[in-house]
Structure formats: C-alpha cells, structure tokens
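Asks: Dumping the structure here so I can ask a few things about it.
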Number of protein chains: 2
Amino acid sequence: MTQDNRRVLQNDRFLKVLRGEAVDRTPVWLMRQAGRYLPEYREVRAQAGNFMNLCMNPELACEVTMQPLRRYGFDAAILFSDILTIPDAMGLELRFAAGEGPVFDRPVQDAAAIKALKVPDVHSDLGYVIAAVEHIRAALGDSLPLIGFSGSPWTLAAYMVEGQGSKDFAKPRAMLHEDPTSGQMLIDKLTESVSEYLKAQIRAGADAAMIFDTWGGLLTSEQYLKYSLGSMQKIVDALKADPDTADTPVILFSKGCARHINAMADTGCAGLGLDWTVELGDIARQVGNRVALQGNLDPAILNAAPEVVRAEVQRIFASRPNDCRHIFNLGHGITPGVTPEAVGAAVEAVHEFGTYS
Amino acid sequence: MTQDNRRVLQNDRFLKVLRGEAVDRTPVWLMRQAGRYLPEYREVRAQAGNFMNLCMNPELACEVTMQPLRRYGFDAAILFSDILTIPDAMGLELRFAAGEGPVFDRPVQDAAAIKALKVPDVHSDLGYVIAAVEHIRAALGDSLPLIGFSGSPWTLAAYMVEGQGSKDFAKPRAMLHEDPTSGQMLIDKLTESVSEYLKAQIRAGADAAMIFDTWGGLLTSEQYLKYSLGSMQKIVDALKADPDTADTPVILFSKGCARHINAMADTGCAGLGLDWTVELGDIARQVGNRVALQGNLDPAILNAAPEVVRAEVQRIFASRPNDCRHIFNLGHGITPGVTPEAVGAAVEAVHEFGTYS
C-alpha cells in the first residue's frame, strides 16, 4: 500500500513506535501468543488433526490468531503459520514428528539438489498463507495491526540442509565452509522467495513484516554478515524498492547476535528483536533511537508467580533510556507449559508500567 | 603444588602463555582431541562396551588421552572424562542413551531433592577420575602439560534439573525464576563439589584446570553474573586460597557469553575460551593482555578441504593483535564425523603460521 492508502487503525501504537512516532504507552505483543498454552488453541488444533493442517486451513489459522486477542490487551496480531512453509513449498515435504519437531522428508543434501530448487510461486504454492492473511485482516477490521513473517534465508537453509531441528546445525554450517558457492546459491534462492512471500503477505493485509533468524547465532561473524544479515539486507531493500511495500516496517530478529546489533540497525529495518540474554538498556545505548527495539522478557519467567513476572517487567522498563523506541515482547516464543494467567500478568504489567509521562 | 615443586616440562608453551610469558610459537590443543573421529579411539571404546565404562576405567581413559598425542603435535593433553561425573557421583545415575546423549535416571525435580543432595567425596565417589589423572601423568612423564576439567556449576545444574540434554534447558531456567533460593543452594553445592574435584585433579597431576560452562549463554545477564560467573569466581578463589593449587592456571569457557568477557577476565582466571562465533581480534582488543585467549576455529571447518582449513587458521592469526596471549583451539569440540587428516591440517597450519618472530 502506498502512503495515501495506508490503513487507519484504532490502535496504532505498534506501528507508531516502528515509525518513530510518540505513543501514550509501550505496545505489547508476545511471540507465539497464539499457541499451546491456550486451551482454546488446543481444541482447534485437535480439530485440525495436526499442526500443518492447522497452518493450511485459512479459517482455522485465522481463528487461532484471534484467540489471544480476546483474552489480552495486545497491540498487534501476528499471522499464525510456521517458519518452514517456504521449504515445504519448494518440495521438501515438511512434517512434524511427534516429540521431534520439524522434519523434512526430502532434505537438501548436495549441490545438485540446490541447483534443482525452484523459487516457489507464492500464489499457487503458498496460497493458503496468503488466504490466512486475508481472513485475519477481515476479522481484525481496523482494530489492530497484523504482523506477517518469514524465517530468514539462513535459518530456512539450516533446516533444509540438516533435514530437521538440531542444537548446532553442523551439516549446514559445514556446507558453508565446504561449498560456499552452493551455500550462496541456496541463500539467494531463499532470499528471492522470502521477498516475494513477504510482499504477498503485505498486499494481502499485513501491516508489518518480521524475519525470524533463529539460528544466526550459530555462524561465525563473517558468515553471519555474509549469509544471514546480507540476505536480510537484500529483503529489506527489495521491500523498499516496491511501491506496494516500501512503507511497511520490517523487524529483524537474529537470536544470539547482539554483537552485530549495529550492523543490523544499519540495514534500514524499522525494528530489531532482542533475545532475553541481553539487557535492553545496553542495546538501546548502542543503537540509539535509529530503530525500535522489541523484547525481551525471558520466556522462562512465565513459569514463576505473577508478582515475580510483574517485578521483572518493571525492571525492564526501568532499565531503558527515555528515548528508547520500545515494543514489549518476550525474548523468544511462549513455551507450551505456561499458564494463561502468567501471560495475563505480563501483559497487565506492561499496561501498568509502560506508560509514557 | 607450590612454586618450588612446579613441574618442569619439556614442552611448556601452553603453561607459559597462561602465565604471560613469551613463547616461540602459539601452543595448540583441540577440545575433544581424544574422540570418535579417531579409529583407534573407536576400538578402545568398543572394548570398554560403553562411554561411561571408558571414563571409569583409568587405564583405558589414559590410553585414549594419549592417542591423539601420538598423531599430532599438540602442546597439551586433556584428561579424558565427561563433564557430568559430579552429578553422577551425587546419585543421579548418568547414562548415555543411544543417539540421545546424556540422561539422568534420577533428575533433580524439586527443592527437597536439592536439599538432599550431598557434595561427593572426591576420593571415594570420583576416585576413578583421580586415578585416570595419575595414570595419564605417569604416561606423559615430563613431556607435556595435562589439563584437568569440570563442568561449571550452572551447566551441571542445567543437566541435573532438565534430566538430559536440551536445546534451551527450559526447566532449570524456569527454576531460577520460580525458586531462586533452591537454585542458589544447588549452585552452591556444585561450587563446592567442583572446587574439591579440581583440587584433587591438580594434586594428582593436572597442570591446569578448565571449567566448561556450555550453557551460560542461555541465561539472562543478571543470572549469568550471579549463578554462572559468580560460582566460577568462587572456584577460582578457592583454588587460589589453597597452597597446593594456588599457582595452577584456570581457564573459563562460557559458550555464547562474549558480552560478559570483561567480567570473566576480572575473575583472576588465567585464560578464557572463545567460541567460534566471535572474532579473536575483537575480543583481544577488549580484554587486552590481562588473560590468555583460547580458541576459536569453527569446528565445522574440519569438514572442508585442507587448504580451506589452512587459510582459516592463517586468517585467525592475522586477526590477532601482536600482544595477544593466544592458545590455539577450536571454538567447540571436534565433531565425530571429521577425518584425522582434517585435524592434522589444522595442527600443521598452527605450527606453520603460529610462530612469533
């Protein structure tokens, strides 16, 4: 959408902070706010049969996106989907094995397999995600902004080469050393795919785009800058170069990469996600108010008593400089075992302590 | 040992760098240099039946410690053992499930279990490790220094509460938030255990002690400083306070914690391990020559061709400041799938490019 037809929302705190405008209170949403900790989610999930069925059904994906908004005073909705939809659309056949997390039945194992990969056609291969965005946009009306998202090219490549989750992703890391030409080719195909995917989400109704680089922290500095941040930079540039998406803010989240925070802030993105291991105040002092900072409550604290959660939320607010452009969030997704009450305590504490005077 | 009876070694490059003395060439050893990538190791391992049997047999533990020294020009030996011997000695019953890594049959699940834990008696409960150190010391003679080691209190606590390996150790992280009193009690018992364990290893013949804090990087800054670095500080202090161990250098290795590098250097340790995600030169400029820096080749590069390995070793040397006290190593342990030739290429490159003019 262009400047002229930018959506007018009843609650635009989240977008205002991304644009560098003043707000009355720190906006809040939580990564994985739609999910297993909610009994109403578990019901819909059971109805869908499995996780991918849920992602692929636009009505059900819309329903679970809306569920947490009925319970909590969140300032943004986020598309319910998975970060691995693009590799699935490339033919790797994603499934979720019980207790094992994501598995690709056809992982990418050599240079020939990388050469053969096709950039998916968003509308035919990933149409179910775009339909979900349209459903959610309609359900939200003009109440709240909707965040679209994708995995980062490196993070997608890591799963595609490893074939499943891993604690160190040794195979894709070895591939970048052994055959950097194929590595770059894989990253380039994913960069184009992610750019087209996010543009389509924005055209369908997303007001912001977040790129999850879950595994950037496993790379050497040189590799991170080249393969992970380098590809995210190209995506930011591609969105800015298209009049339909030029004004849409992009948030980058590279977990475990705070040492590269200045390079990340220089990409022209609107916001940076912070994991729970860093101090918001330290990062804010490094990047100034060039970008918004989103984070960074330790998700593990949602297992503690409400007063412990409250105190930690308060501490985070006390630690930030006055000019910090801050979107409250966790430092990683909500874990399935927490209670809806703990999440409520966190959100209420943001409402209470996050006001600007 | 006191200053007077400090062991005189034929090759003391490793200890000299830890003491801040000049050397002709950068010393090198590699984490997990004794291990599955060596066919002779796999033979002994098969003979032992399982991994814990190998750790518990001082003759076999000595044999596998010596194996890589026969192949490569390493400047130090490291005790062959596991980081989880202390929790096993506390009664948690460590075993290694096929394809799953370490599992405790009796994990620590509540405050009562923490209260009931006893600090092990090193000589009765961990006598097999001390016997292995004595065997290795005898086998080494005065040729090379021997490194003893332990897991850090936080890292041991993480496995003890989780009950097994994990990518995020959600249970122990939640425990620190929910019940910090029990968390501190567990850390304190482990701090005492690790101190006594390392002292006994040094008395039995270890020339240096390394503390592996594999999971320090999962903690918030406040938690890291309190539970992980705080307990390692107490261990450094305890070794310094004992005349038998006061002169023995200690190396701390907190993976993924470079943001705390200055606090680590302030503990009075002799050296800091660096993982592969940071630039040696950047860290050297932050800590100056207060401590030795040990690292930090990406272990994933050992899957690449020898000339790629050589070039990366050369790049690391080129990046360090002239006054950097450097011990060459990997940024994490050797992975089982690499070839003995790749390891040889790395060691030869250190010999070639690591000379001081």
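Asks: Output yes when any residue across segment B:231-248 is closer than 26 Å to B:Glu134 by Cα, touching a residue at least 40 places away in the same chain (Cβ under 8 Å), hydrophobic (A, V, I, L, M, F, W, C) and not in a helix (DSSP H, G or I), and no when none is.
Replies: Yes: one or more hits.
Asks: Also: Return the pairs, sorted by first residue and then second, in which the second residue is among the charged types (D, E, K, R), the first residue lies in segment A:116-127 and is over 15 Å from A:Leu190 (Cβ atoms), the beta carbons are less than 7 Å apart, and the residues are 6+ apart or on different chains.
Replies: Short answer, once both residue conditions are applied: none.
Asks: How many residues are more than 20 Å from the chain's Cα centre (by Cα), surrounded by 20 or more Cβ atoms within 10 Å (Cβ to Cβ) and away from chain B (no Cβ under 12 Å) when one looks only at segment A:321-344?
Replies: 1
Asks: Could we say that A:Ala300 is part of a helix (DSSP H, G or I), at the interface with chain B (Cβ under 8 Å from one of its Cβ atoms) and among the small types (Gly, Ala, Ser) here?
Replies: Taking the combined requirement at face value, the residue satisfies it.
Asks: Shifting gears a bit: Can you tell me which residue among B:Gly20, B:Gly101 is in contact (Cβ under 8 Å) with a residue 24 or more places away in the chain, farther than 30 Å from B:Gln164 by Cα and touching a strand residue (DSSP E or B) at 6+ places or on another chain (Cβ under 8 Å)?
Replies: Testing whether each residue is in contact (Cβ under 8 Å) with a residue 24 or more places away in the chain, farther than 30 Å from B:Gln164 by Cα and touching a strand residue (DSSP E or B) at 6+ places or on another chain (Cβ under 8 Å) leaves just B:Gly20.
Asks: Check A:Val313, A:Val309 and return the single one that is crowded, with 22+ Cβ neighbours inside 10 Å and more than 10 Å from chain B (Cβ to nearest Cβ).
Replies: A:Val313
Asks: Where residues in segment B:85-137 are modelled with pLDDT of 95 or more and among the polar types (S, T, N, Q), which of them is surrounded by the fewest Cβ atoms within 10 Å (Cβ to Cβ)?
Replies: The extreme case among them is B:Ser124.
Asks: Scan segment B:186-230 residue by residue and report those that are of a type outside the set (Gly, Ala, Ser), in a helix (DSSP H, G or I) and touching a strand residue (DSSP E or B) at 6+ places or on another chain (Cβ under 8 Å).
Replies: B:Val194, B:Tyr197, B:Leu198, B:Gln201, B:Ile202, B:Tyr224, B:Leu229, listed by residue number.
Asks: For segment A:43-57, what are the residues that are of a type outside the set (Val, Ile, Thr) and either part of a helix (DSSP H, G or I) or modelled with pLDDT of 95 or more (or both)?
Replies: From segment A:43-57, those of a type outside the set (Val, Ile, Thr) are A:43, A:45-57; that's our starting set.
Listed by number, the residues that qualify are A:Glu43, A:Arg45, A:Ala46, A:Gln47, A:Ala48, A:Phe51, A:Met52, A:Asn53, A:Leu54, A:Cys55, A:Met56, A:Asn57.
Asks: Give B:Met185, B:Met210 a once-over and let me know the one that is modelled with pLDDT of 95 or more and either closer than 30 Å to A:His332 by Cα or within 14 Å of another protein chain (Cβ to nearest Cβ) (or both).
Replies: Matching residue, one of B:Met185, B:Met210: B:Met185.
Asks: Ok, one more. Among what's in segment B:219-245 and is aliphatic (A, V, I, L, M), more than 14 Å from every other protein chain (Cβ to nearest Cβ) and under 19 Å from the mean Cα position of the chain (by Cα), pick the residue that is surrounded by the most Cβ atoms within 10 Å (Cβ to Cβ).
Replies: B:Ile235
Asks: One residue is enough: does segment A:251-266 have a residue meeting the conditions surrounded by fewer than 19 Cβ atoms within 10 Å (Cβ to Cβ) and part of a loop (DSSP other than H, G, I, E, B)?
Replies: Yes, segment A:251-266 contains at least one residue that is surrounded by fewer than 19 Cβ atoms within 10 Å (Cβ to Cβ) and part of a loop (DSSP other than H, G, I, E, B).
Asks: Still on this structure: Mind checking which residues of segment A:253-273 are in contact (Cβ under 8 Å) with a residue 60 or more places away in the chain and among the aliphatic types (A, V, I, L, M)?
Replies: A:Ala270
Asks: What are the residues in segment A:246-257 that are of a type outside the set (D, E, K, R) and either within 11 Å of chain B (Cβ to nearest Cβ) or farther than 25 Å from B:Trp276 by Cβ (or both), if any?
Replies: Within segment A:246-257, A:Ala246, A:Thr248, A:Pro249, A:Val250, A:Ile251, A:Gly256, A:Cys257 meet the criteria.
Asks: Report whether or not B:Ala61 is touching a Ser or Thr at 6+ places or on another chain (Cβ under 8 Å) and closer than 23 Å to B:Met160 by Cα.
Replies: no
Asks: Filter segment A:267-300 down to the residues that are of a type in the set (Asp, Glu) and buried (at least 24 other Cβ atoms within 10 Å of the Cβ) and list them by number. It would help to see each step written out before you state the result.
Replies: Of the residues in segment A:267-300, the ones of a type in the set (Asp, Glu) are A:275, A:279, A:282, A:298.
Hit for segment A:267-300 is A:Asp298, nothing else.
Asks: For B:Val350, only one of the following conditions fails: (1) assigned to a loop (DSSP other than H, G, I, E, B); (2) away from chain A (no Cβ under 13 Å); (3) in contact with a strand residue (DSSP E or B) (Cβ under 7 Å, 6 or more places away or on another chain). What is its number?
Replies: Only one criterion in (1) assigned to a loop (DSSP other than H, G, I, E, B); (2) away from chain A (no Cβ under 13 Å); (3) in contact with a strand residue (DSSP E or B) (Cβ under 7 Å, 6 or more places away or on another chain) is unmet by B:Val350, namely (1).
Asks: Now, a different point. Working carefully through the options A:Tyr197, A:Tyr224, find the one that is touching a Cys at 6+ places or on another chain (Cβ under 7 Å) and of a type in the set (Phe, Trp, Tyr).
Replies: A:Tyr224
Asks: Continuing with this model, one more query. State whether one or more residues within segment B:149-163 are surrounded by fewer than 24 Cβ atoms within 10 Å (Cβ to Cβ), within 14 Å of chain A (Cβ to nearest Cβ) and modelled with pLDDT of 95 or more.
Replies: yes
Asks: Shifting gears a bit: Against the definition (of a type in the set (Lys, Arg) and more than 30 Å from A:Ile316 (Cα to Cα)), how does B:Lys199 come out, yes or no? Talk me through it step by step, then tell me what you get.
Replies: Numbers: of a type in the set (Lys, Arg): yes; more than 30 Å from A:Ile316 (Cα to Cα): yes.
Yes, satisfied.
Asks: Out of the residues in segment B:274-304 meeting the condition of being among the acidic types (Asp, Glu) and in contact (Cβ under 8 Å) with a residue 12 or more places away in the chain, tell me which one is nearest to B:Thr155 (Cα to Cα).
Replies: Taking the candidates together, the pick is B:Asp275.
Asks: To continue, here is another question. Take the residues of segment B:275-293 that are within 21 Å of B:Ala22 (Cα to Cα) and within 16 Å of the chain's Cα centre (by Cα): which is farthest from the other protein chains (Cβ to nearest Cβ)?
Replies: Here the residue is B:Ala292.
Asks: Name every residue in segment A:1-43 that is over 22 Å from the mean Cα position of the chain (by Cα) and buried (at least 18 other Cβ atoms within 10 Å of the Cβ), in order of residue number.
Replies: A:Val23
Asks: State whether the residues of segment A:44-53 include one that is surrounded by fewer than 21 Cβ atoms within 10 Å (Cβ to Cβ) and among the aromatic types (Phe, Trp, Tyr).
Replies: yes
Asks: Which one of the conditions (1) within 14 Å of another protein chain (Cβ to nearest Cβ); (2) of a type outside the set (Ser, Thr, Tyr); (3) surrounded by fewer than 21 Cβ atoms within 10 Å (Cβ to Cβ) does B:Pro172 fail to meet, given that it meets all the rest?
Replies: (3)
The values are calculated or read from the model by the stated rules, or taken from the named source; none is laboratory data. Everything numeric here is computed off the predicted structure, so don't read it as measured data. Methodologically, a virtual Cβ is constructed for each residue, glycine included, from the backbone with ideal geometry; neighbour enumeration extends over all protein chains shown.
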